[in-house]
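Colleague: Starting off with a structure, shown below.
The values are calculated or read from the model by the stated rules, or taken from the named source; none is laboratory data. Note that the structure is a prediction, hence the values are computed from the model and not measured. Every residue, glycine as well, gets a Cβ built from its backbone with ideal geometry; the counts of neighbours run over all protein chains shown.
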């Protein structure tokens, strides 16, 4: 199936792309994130926690603008045409 992954902030910088359109055999969001970590070594351990049971840190993952935590988490089923957004947690700000 065809999905689009949009990467923000350091994820985009570390992969060299803001949009990754891909053909995938992944059936769930978790499988897709594992696939991305394998393809982009700079993302390894930054999308999934050590057990692969949840997202790493405060990384926000949305499917078609809905936070996957409000769906079925990493078990959320993918469908062709889905847009997955990956936003790292950002700390700091203006003083």
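To keep it simple, each residue is scored yes or no on (1) over 10 Å from the mean Cα position of the chain (by Cα); (2) modelled with pLDDT of 95 or more.
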position	(1), (2)
7	no, yes
22	yes, yes
39	yes, yes
51	yes, no
66	yes, yes
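Colleague: Restricting to region 6-32, what's the tally of residues that are in contact with a helix residue (DSSP H, G or I) (Cβ under 7 Å, 6 or more places away or on another chain) and under 21 Å from residue 69 (Cβ atoms)?
Modeller: 6
Colleague: Which members of region 1-22 meet the condition of being touching a residue at least 24 places away in the same chain (Cβ under 8 Å) and in contact with a strand residue (DSSP E or B) (Cβ under 8 Å, 6 or more places away or on another chain)?
Modeller: Listed by number, the residues that qualify are 1, 2, 3, 4, 5, 6, 7, 8, 9, 11, 15.
Colleague: Which condition from (1) touching a helix residue (DSSP H, G or I) at 6+ places or on another chain (Cβ under 7 Å); (2) free of Cβ contacts under 8 Å to residues at least 60 places away in the same chain; (3) crowded, with 18+ Cβ neighbours inside 10 Å is the one that residue 86 breaks?
Modeller: (2)
Colleague: Just the residues that are part of a strand (DSSP E or B) and touching a residue at least 24 places away in the same chain (Cβ under 8 Å), please, taken from region 23-61.
Modeller: 28, 48, 60, 61
Colleague: While we're here: Taking the options 55, 59, name whichever one is under 11 Å from the mean Cα position of the chain (by Cα) and farther than 23 Å from residue 1 by Cα.
Modeller: Values: 55 fails: farther than 23 Å from residue 1 by Cα.
After applying the criteria, what remains is 59.
Colleague: Would you please name the residue that is surrounded by the fewest Cβ atoms within 10 Å (Cβ to Cβ), looking only at residues in region 57-68 that are on the phi < 0 side of the Ramachandran plot and in contact with a strand residue (DSSP E or B) (Cβ under 8 Å, 6 or more places away or on another chain)?
Modeller: 67
Colleague: When region 68-95 is examined, which residues are found to be farther than 15 Å from residue 2 by Cα, assigned to a loop (DSSP other than H, G, I, E, B) and modelled with pLDDT of 95 or more?
Modeller: Restricting attention to region 68-95, the residues satisfying the condition of being farther than 15 Å from residue 2 by Cα are 68-76, 86-95.
Within this subset, residues satisfying the condition of being assigned to a loop (DSSP other than H, G, I, E, B) are 71-72, 76, 88-95.
If the condition is that a residue be farther than 15 Å from residue 2 by Cα, assigned to a loop (DSSP other than H, G, I, E, B) and modelled with pLDDT of 95 or more, then 71, 72, 76 are the ones that fit.
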